[in-house]
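Contents: one structure, followed by commentary.
The values are calculated or read from the model by the stated rules, or taken from the named source; none is laboratory data. Treat the numbers as computed from the prediction; the structure is a model and nothing was measured. Neighbour counts run over all protein chains shown; Cβ positions are idealised from the backbone, glycine included. Quick note on the areas: whole protein, heavy atoms, side chains included, nothing else; ligands and nucleic acids left out. Shrake-Rupley method; radii C 1.70, N 1.55, O 1.52, S 1.80 Å.
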Amino acid sequence: MKKTSRSATAVSDRPAAKSENIFKRLVRFFREVIAELRKVIWPNRKQLTTYTLVVLAFVTVMTAFIFGLDLAFVQGVSWLFG
């Protein structure tokens, strides 16, 4: 049985590199971006309002939580080293 190394038999997934004009590549890039943006399911106004309120509420709760922890640590350290 003959052993062959993987790298010797592997076929590259990339096509041969072609030196394409920079402007052609930019145009292709923007066309692909527009094509992908058309696939996005955009939220309606009600969903957007709901999501925004949920995010703002979460940020407010987390800010209060971190503030409380910070205040507790400051009080603990000042009590310890007072």
Exercise. Working only within region 40-70, note down all residues that are open to solvent by 70 Å² or more (accessible area, probe 1.4 Å) and outside any helix (DSSP H, G or I).
Key: Ile41, Trp42, Asn44
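Any residue at all in region 72-79 that is exposed (fewer than 10 other Cβ atoms within 10 Å of the Cβ) and either under 19 Å from the mean Cα position of the chain (by Cα) or part of a helix (DSSP H, G or I) (or both)? Step through it out loud before you land on a result.
Here is the first cut: in region 72-79, the residues exposed (fewer than 10 other Cβ atoms within 10 Å of the Cβ) are 78-79.
Checking the rest, the ones that are also either under 19 Å from the mean Cα position of the chain (by Cα) or part of a helix (DSSP H, G or I) (or both) come to 78-79.
For region 72-79, residues exposed (fewer than 10 other Cβ atoms within 10 Å of the Cβ) and either under 19 Å from the mean Cα position of the chain (by Cα) or part of a helix (DSSP H, G or I) (or both): present.
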Quiz prompt | Conditions (1) open to solvent by 100 Å² or more (accessible area, probe 1.4 Å); (2) small (Gly, Ala, Ser); (3) modelled with pLDDT of 95 or more; number of the one not met by Ala17 | solution = (3)
Practice problem: Sort out which residues of region 40-82 are among the basic types (Lys, Arg) and modelled with pLDDT under 95, and write them in order of number. | Solution: none
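Return yes when Ser5 is within 29 Å of the chain's Cα centre (by Cα) and modelled with pLDDT under 90 and no when it is not. Quick ask: steps written out before the conclusion?
On the way: within 29 Å of the chain's Cα centre (by Cα): no; modelled with pLDDT under 90: yes.
Spelling it out, it is not the case that Ser5 is within 29 Å of the chain's Cα centre (by Cα) and modelled with pLDDT under 90.
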